[in-house]
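Peer 1: The following block contains the structure, expressed as structure tokens.
The values are calculated or read from the model by the stated rules, or taken from the named source; none is laboratory data. All values derive from a computational prediction rather than experimental measurement. FYI the Cβ positions are ideal-geometry reconstructions off the backbone, even for glycines, and counts take in every protein chain you see. These area figures cover heavy atoms from the full protein model, side chains too; ligands, DNA and RNA do not enter into them. Shrake-Rupley method; radii C 1.70, N 1.55, O 1.52, S 1.80 Å.
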Amino acid sequence: MKEHLLASKVTGIPPSGIRKFFDIVTEMKDVISLGVGEPDFDTPWHIREEGIYSLEKGKTIYTSNSGLMELRQEITLYLERRYKIGYDPKTQVLVTVGASEGIDLALRALINPGDEILIPEPSYVSYKPCTVLAGGVPVVIATKAENEFRLTAEELEANITPKTKALILPYPNNPTGAIMRKEDLEKIVEVLKNKDIIVISDEIYAELTYGGEHISIASFPEMYEQTVVLNGFSKAYAMTGWRMGYAAGPQALIAAMTKIHQYAIMCAPSTSQYAGIQALRHGDEDVQMMRSSYDGRRRLLVQGFRDMGLDCFEPLGAFYVFPCIQKTGLSSNEFCERLLQEQKVAAVPGTAFGDCGEGFIRCSYAYSVENLKEALHRIEQFVKKYI
Amino acid sequence: MRQKLLEILEKDSRLSVEDLATMLGVQKEDVQREIETLEAEQIICGYHTLINWDQTDKESVTALIEVKVTPQRGEGFDKIAHRIYNFSEVKAVYLMSGGFDLTVIVEGKTMKEVALFVAHKLAPLDTVLSTATHFVLKKYKEYGIIFEKGQKDERMIVCP
């Protein structure tokens, strides 16, 4: 087909920064990877079993556009129980195909041509393209290592213009592992309250918060009407392939998102929805077990990088560490490509998550301790040559 | 720390004290001391290797034996359990609720050897009323580990 027939909006979007790297990696053998963005656990069996049972009972038809009522009820109970945010399951919750769909829907439901969307970076790869596809203008806020990649009130304020429509708040953060503590959020709330700016709070890693509880910005009463919470099952319950997420927020926004969802998607997969009910009802112990397991591996990886002389702040969320590799004199891309060629270890260049990720690499600890130790050993051999 | 340390060790007892200390966010010396205490208190009772013997040439059979006994005055089931668990063929003994009293797990080289053990050693014990021997045909899962080949990481090597 002729290239010019494609929408210029789409052709104008650069391919994912991870793509090129992915192509190199897939051709190599015996690679130890720290590059994966999903849990190393299987979905707990009782959850899978519930999905199987729903199939056996022939529950294979469309559900309501918003998702099964029973599931939406469980979602509201969960958000109340875990994060002290109350929603009406009938009008304020939408079950989506992964939290990724939620990002797209929220942006499409909010953006008028030329509206600006504030996007703290480094962050997940879809915010910018989804903003552009929805006709918006991404405004990147580069968060800093010295602030442990938290968004500060000053950085936020400096980027607000009359055109600002929304802020994406991606914490706990992929790729940095940064979280926003209560006191950090309080300052953000001070800036945003009573302004016509919506917060799209991507909390997909909320359950993977270490040494404290995740705080949602929606739990601040002054922000409740201004915030849409995006969450899901992928990270908390190791359910990435089920594609299950949800959005919860003010009625008008959820209604608008539901409108797009009902035409574009119809409904989230029914099997996954039944499994999701089981996860929310009986999955707390699994989440606890996985969190505790990640926590030990997190410390191991952070210590490993520090021992080899690299600066590495302590990430308190998600399952990534984000060590600084500037000391080696290499760029993120060079570091990762050479590390792969010389030691067969795959990590992701920080620049895949925004220009300000330069000088960092993302390493996931969703791997066995044995795997992590071998990777650390190899990286140490590599780093030694440069520092 | 105790609970978490035990949870980690239960899954992998080969981790070094250094790694355990890092994973728990405590000092190496504290981990060392805690492990020694746990051993002294016999909360940690041993460090074993889980082997799928079916994958080797070694001949062995496992049997689960249901045993009904008469509890003894003043001793309950403990005395008879003691007489049973001291046999080296016996790998585990549990006191049960329900239709019988003791579960005895016995290992031997052949079915005949196990049968002879039951006939000559176990059944004749004074307080043993009856036994029912069930041989294990295949072990699918042991101590939380699935004995199935080909469980490998199928995740993409790099993804956002």
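Peer 1: Can you find, among B:Ser88, B:Gln3, B:Val128, the residue farthest towards the positive end of the dipole of chain B? Put +1 on the C-beta of Lys and Arg, -1 on that of Asp and Glu.
Peer 2: Final value for the positive-end residue is B:Val128.
Peer 1: Then there's this: Just to confirm, what accessible area per residue do you get for region B:53-137 at 1.4 Å probe, in whole Å²?
Peer 2: Details: 5480 Å² over 85 residues.
Accessible area per residue: 64 Å².
Peer 1: A 27 angstrom limit on the alpha carbon distance is what I want to check against. Which of B:Lys112/B:Lys149; A:Lys20/A:Lys235; A:Lys2/A:Lys259; A:Lys29/A:Lys385; B:Lys109/B:Lys139 exceed it? Write down the numbers at each step before the final one.
Peer 2: Details: B:Lys112/B:Lys149 30 Å; A:Lys20/A:Lys235 25 Å; A:Lys2/A:Lys259 33 Å; A:Lys29/A:Lys385 23 Å; B:Lys109/B:Lys139 16 Å.
Those over the limit are B:Lys112/B:Lys149; A:Lys2/A:Lys259.
Peer 1: Further, regarding this structure: Which residues of region A:287-312 end up with at least 30 Å² less accessible area in the presence of all protein chains than when their chain stands alone, using a 1.4 Å probe?
Peer 2: A:Ser292, A:Gly296, A:Arg299, A:Leu300
Peer 1: Among A:Val140, A:Tyr124, A:Ile179, whose Cα lies farthest out toward the positive end of the dipole of region A:60-282, if unit charges sit on the beta carbon of Lys, Arg (+1) and Asp, Glu (-1)?
Peer 2: Farthest along the dipole direction, towards plus: A:Tyr124.
Peer 1: Whole angstrom only: what separates the Cα centroid of region A:11-38 from the Cα centroid of region A:193-223?
Peer 2: 30
Peer 1: Report, in debye and to the nearest 20, how large the dipole of region A:60-282 comes out about its Cα centre when Lys and Arg carry +1 and Asp and Glu carry -1 on their Cβ. Show your work: numbers first, answer last.
Peer 2: Values: 20 positive and 25 negative charges, 118 e Å.
That gives region A:60-282 a dipole magnitude of about 560 debye.
Peer 1: Taking springs between alpha-carbon atoms closer than 10 angstrom, which of A:Glu186, A:Glu154, A:Glu203 fluctuates most in the Gaussian network model of chain A?
Peer 2: A:Glu154
Peer 1: If the only charges are +1 at each Lys and Arg Cβ and -1 at each Asp and Glu Cβ, what is the size of the charge dipole of the protein assembly as shown around the Cα centre, to the nearest 20 debye? Walk me through the intermediate numbers first.
Peer 2: Working: 62 positive and 76 negative charges, 195 e Å.
With Lys and Arg at +1 and Asp and Glu at -1, about 940 debye.
Peer 1: Using only Cα atoms, tell me the angle between helix A:332-343 and the longest principal axis of chain A; keep it within 0 to 90° and round to the nearest 10.
Peer 2: It works out to around 60 degrees.
Peer 1: From the square roots a ≥ b ≥ c of the eigenvalues of the alpha-carbon gyration tensor of chain B, which class results: rounded (a/c under 1.5), prolate (a/b over b/c), or oblate? All intermediate terms of the calculation are to be shown ahead of the outcome.
Peer 2: Numbers: a/c = 2.81, a/b = 1.55, b/c = 1.81.
Because a/c hits 1.5 or more and a/b fails to exceed b/c, chain B counts as oblate.
Peer 1: Once phi is turned into θ = phi - 60°, what whole-Hz ³J(HN,Hα) does the Karplus curve with 6.51, -1.76 and 1.60 give for every residue of region A:92-109, x standing for Gly and Pro?
Peer 2: 10, 10, 10, 7, 10, 7, x, 5, 4, 5, x, 4, 4, 5, 4, 5, 5, 6
Peer 1: Still on this structure: Just to be sure I understand: with springs between alpha-carbon atoms less than 10 Å apart, which residue in B:Lys149, B:Lys79, B:Lys91 has the highest mean-square fluctuation in the Gaussian network model of chain B?
Peer 2: Ranking B:Lys149, B:Lys79, B:Lys91 by mean-square fluctuation puts B:Lys149 first.
Peer 1: Got a number for carbon plus sulfur as a percent of region A:60-282's accessible area, 1.4 Å probe?
Peer 2: Numbers: 4300 of 8110 Å².
Result for region A:60-282: 53 percent of the exposed heavy-atom area is carbon or sulfur.
Peer 1: What angle do you read, to the nearest 10 degrees and between 0 and 90, between the alpha-carbon axis of helix A:45-56 and the longest principal axis of chain A?
Peer 2: Between helix and principal axis, roughly 40 degrees.
Peer 1: Once you order the gyration tensor axes a ≥ b ≥ c over the Cα atoms, which shape class does region A:182-241 get: rounded for a/c under 1.5, otherwise prolate or oblate by comparing a/b with b/c? Can you show the working numbers first?
Peer 2: On the way: a/c = 3.42, a/b = 1.72, b/c = 1.99.
Judged from the Cα gyration tensor, region A:182-241 comes out oblate (a/c at least 1.5, b/c at or above a/b).
Peer 1: Further question on the same structure: May I ask which residue of A:Cys312, A:Ala279, A:Ile215 lies farthest towards the positive end of the charge dipole of region A:210-326, with charges of +1 (Lys, Arg) and -1 (Asp, Glu) on Cβ and the Cα centre as origin?
Peer 2: A:Ala279
Peer 1: Over region A:60-282, average the accessible area per residue using a 1.4 Å probe and give it in Å², no decimals. List each step's numbers first, then the result.
Peer 2: Details: 8110 Å² over 223 residues.
On a per-residue basis, 36 Å².
Peer 1: Quick check on the protein assembly as shown: take the gyration tensor over C-alpha atoms, sort the square-rooted eigenvalues as a ≥ b ≥ c, and tell me if it's rounded (a/c under 1.5), prolate or oblate. Could you put the intermediate results ahead of the total?
Peer 2: Values: a/c = 2.25, a/b = 1.73, b/c = 1.30.
It is prolate, given that a/c is not under 1.5 and a/b is the larger ratio.
Peer 1: Can you compute the FRET efficiency between A:Ser64 and B:Ile105 using 1/(1 + (r/R0)^6), with r the Cβ-Cβ distance and R0 = 60 Å? Round to the nearest 0.05.
Peer 2: Details: r = 52 Å, r/R0 = 0.86.
After rounding, the FRET efficiency stands at 0.70.
Peer 1: Using the Cα centre as the reference, give the magnitude of the dipole from point charges on the C-beta atoms of region A:1-69 (Lys, Arg: +1; Asp, Glu: -1; all else neutral), rounded to the nearest 20 debye. Display every interim value, and only then the final one.
Peer 2: Working: 8 positive and 10 negative charges, 91 e Å.
It works out to roughly 440 debye.
Peer 1: Among the residues of region A:2-18, which ones have their accessible area go down by 10 Å² or more when all the protein chains sit together, as opposed to their chain alone (1.4 Å probe)?
Peer 2: A:Ile18
Peer 1: Another question, if that's okay. For the A and B pair, go ahead and give the buried accessible area with a 1.4 Å probe, both sides summed, in Å² to 100.
Peer 2: So the buried area, both faces added, is about 1800 Å².
Peer 1: How much of the accessible area of region B:53-137, probe 1.4 Å, is carbon plus sulfur, in whole percent?
Peer 2: Carbon plus sulfur share of accessible area: 52 percent.
Peer 1: If I model region A:112-186 as equal point scatterers sitting on the Cα atoms and use the Debye formula, what is log10 I(q)/I(0) at q = 0.11 Å⁻¹?
Peer 2: So the normalised log intensities are -0.26.
Peer 1: Let me ask something else. Express the carbon and sulfur contribution to the solvent-accessible surface of region A:287-370 as a percent, rounded to the nearest whole number, probe 1.4 angstrom. Could you put the intermediate results ahead of the total?
Peer 2: Working: 1070 of 2610 Å².
Solvent-exposed carbon and sulfur of region A:287-370 make up 41 percent of the total.
Peer 1: Give me the angle, in degrees from 0 to 90, between the Cα long axis of helix A:17-26 and the longest principal axis of the Cα atoms of chain A, rounded to the nearest 10.
Peer 2: 60
Peer 1: Short version: which residues of region B:143-160 lose at least 50 Å² of accessible area, all chains versus chain alone, 1.4 Å probe?
Peer 2: B:Arg155, B:Ile157, B:Val158, B:Cys159, B:Pro160
Peer 1: Specify the residue with the greatest mean-square fluctuation among A:Pro122, A:Pro15, A:Pro39, computed from a Gaussian network of chain A linking alpha-carbon atoms under 10 Å apart.
Peer 2: A:Pro15
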